[in-house]
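One structure is given below, encoded as structure tokens.
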Amino acid sequence: MSDSSVLTMTIDSTKTSVTVVGLGAMGAALASAFLEAGHPTTVWNRTPARAEPLMAAGALRAGSVAAAVEDGGVTMLCVRDHAAVRELLDPLADRLAGKAVVNLTSSTPEDARSTAEWAARHGVRYLDGAIMVPVPLIGGPDAQVLYSGSAEVFEEHRGTLLALGGEAEFLGAEPGLASLYDLGMLDVFFAGMASFLHAAAVMTADGVTARTFLPYANRVMAILPATLEGLARDVDQGRYPGDEDTLDMNDAALEHIVVTSRARGVDPGLPALVRALTRGAIADGRGGEGFSAVVEQLRSPGAATPGRSSA
């Protein structure tokens with residue numbers, strides 16, 4: 001968002017007032033999105049200067065966290081971690097009683113549950129959230145934010161939350177769900193990026209550029225949705241049929257990846273880990289089952305530990 005567009009934002013006094021606590025890159029983007037949507041917006045940050053661009057767009061800068069939370073119809077937090085959340089909110093517990101607090105700070109499910117328990121003890125109406133997109137997408141149609149915790153807070157402020165763009169999806173009353181889904185999606189995302197970079201390291205060692213290889217990587221990615229659907233079915237049913245492939249077959253392919261990586265001086269640790277999981281399942285008598293059987297090794301990590309060091 002350019003400075004010129006920020007300066008033309010118009011505040012609508014009929015819309016819910018919002019307080020944003022924490023003005024790092026993401027927190028500032030949240031505040032900008034609320035301003036863009038016309039919400040009266042109060043901001044606070046430990047470093048007051050970070051509020052200046054938002055003040056130029058019409059935000060009010062609170063002199064303290066206490067003043068900030070009293071100004072907003074709903075308080076949004078986006079800070080370092082849940083320890084920082086508690087450090088900020090603990091002294092304000094009495095003032096927050098009955099107020100809606102939406103915490104968009106990245107966390108583990110355990111952190112989210114602990115903060116929700118704190119909120120319940122103090123009568124705070126608490127909604128936890130997980131932002132699933134990078135900063136530039138906030139406020140746009142591709143933004144996605146997941147929520148869990150108080151259904152009442154979500155429904156009451158859903159229109160306000162939609163100012164962040166894209167989807168606002170409520171996963172359920174269990175406050176750790178948003179964080180759980182967040183980490184699950186990131187698990188798939190980071191593993192996918194790491195796999196591509198490993199393959200690129202192998203390809204470039206033989207003079208094939210990553211961009212030349214990219215269309216072939218995309219071909220493999222194109223079959224993943226159907227593959228994941230089958231894996232999900234198997235995991236939920238607890239059955240791992242080897243009617244399309246078997247772990248014995250997979251082991252041979254993984255061995256080739258490890259050997260080829262090592263021959264080119266590329267760290268074989270990533271495929272060696274997958275090979276170790278596969279061999280752990282084979283050692284448990286699952287060689288004739290499908291790759292989905294690896295989930296049992298992941299559920300019993302000690303069983304797969306031997307062999308992980310044999311990269």
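Read the figures in this text as sums done on the coordinates, not as results from a lab. All values reported here derive from a predicted model rather than from experimental measurement. Reconstructed Cβ throughout: ideal geometry from the backbone, glycine too, with neighbour counts over all protein chains shown.
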Problem - Listed residues A252, A130, A200, most fluctuating in the chain (Gaussian network, C-alpha, under 10 Å) - result: A252
Completion exercise
For percent of Cα pairs over 25 Å apart, with candidates (i) 47; (ii) 51; (iii) 59, the value calculated from the shown model is option (iii)
Practice task
May I ask you to compute the full-extension gain from E70 to R46, defined as 0.36 nm times their residue separation minus their alpha-carbon distance, rounded to one decimal in nm?
Solution key: 6.9 nm
Exercise for the section: Rounded to the nearest Å, what's the spacing between the alpha carbon centres of region 227-264 and region 48-87? Just the number, please. Expected result: 49
Practice task
Have a look at the DSSP beta bridges in the chain and tell me what percent are antiparallel, nearest 5.
Solution key: 20
Exercise for the section: In debye, nearest 20, what is the charge dipole magnitude of the chain about its Cα centre with +1 on Lys and Arg Cβ and -1 on Asp and Glu Cβ, if you could check? Expected result: 700
Fill in the blank from the handout: For the chain, the helices passing both cut-offs (Cα extent along own axis of 15 Å or more, Kyte-Doolittle mean at least -1.0, full DSSP H runs) are 25-36, 177-205, 210-222, 224-237, 247-263, 269-281
Completion exercise
Fewest to most Cβ atoms within 10 Å: S64, S261 sort as S64, S261
Problem - Residue order, fewest to most beta carbons within 10 Å, for T212, T16, T260 - result: T212, T260, T16
Fill in the blank from the handout: Taking trypsin sites (Lys or Arg not before Pro) as exposed when in a DSSP loop with at most 14 other Cβ atoms inside 10 Å, the chain has its longest clean stretch at 81-238
Exercise for the section: Grab the beta carbon distance between A252 and E229, set R0 = 30 Å, and tell me the FRET efficiency rounded to 0.05. Expected result: 0.75
Completion exercise
Each label sits 7 Å from Cα toward the beta-carbon; between E87 and E117 the label points are separated, in nm, by 2.2
Handout entry: Highest-MSF residue in the chain out of P141, P48, P225 [GNM, Cα springs under 10 Å]
Key = P225
Fill in the blank from the handout: Put in order of increasing Cβ neighbours within 10 Å, starting from the fewest, E229, E169 give E229, E169
Practice task
Report, for region 1-159, the % of DSSP beta bridges that are antiparallel, rounded to 5.
Solution key: 20
Practice task
Per DSSP H run of n ≥ 4, the term is -39500 (n - 2.57); total these for the chain, divide by its residue number, and report the mean residue ellipticity at 222 nm rounded to 500 deg cm²/dmol.
Solution key: -15000 deg cm²/dmol
